[in-house]
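Read the figures in this text as sums done on the coordinates, not as results from a lab. The shown structure was predicted, so the numbers you read here are calculated from the model rather than taken from an experiment. Please note: Cβ atoms are built from the backbone with ideal geometry, for glycine as well, and neighbour counts cover all protein chains shown.
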Amino acid sequence: MSETSNSAVSIDEVRHVAALANVELTAEELPRMARDLNAILGYIAELNELDTTGIAPMAQASEALGLTPAAHGETLRVDEVRPSVDRAAVMAEAPETDGRFFKVPKVIER
């Protein structure tokens, strides 16, 4: 793995990302998380060094294997417009609503 010091994730950056993700990390977890993130970024840097000239972008692994999705059932359903459920019927079943939106208890505090 080729890791340069200018791309290293600092402990302060780990704290910042953890706060954004609303994840609490202990003092012992911070350096370990920084090391893990730096390892991931190092692997990505290695991948970026590969010469992909002439390599076509791949959307699905089945294409690389020469499989046709229709022959193996790996197709997605047709994307078609369908009517939505009736709002009044849904709101009538809700435990608490203002008639337009569901009311739910606050679960995240900052």
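Selection of region 10-42 for residues being part of a helix (DSSP H, G or I), small (Gly, Ala, Ser) and more than 27 Å from residue 109 (Cβ to Cβ) yields 39, 42. Residues in region 82-110 that are in contact with a helix residue (DSSP H, G or I) (Cβ under 7 Å, 6 or more places away or on another chain) and surrounded by 10 or more Cβ atoms within 10 Å (Cβ to Cβ): 97 only.
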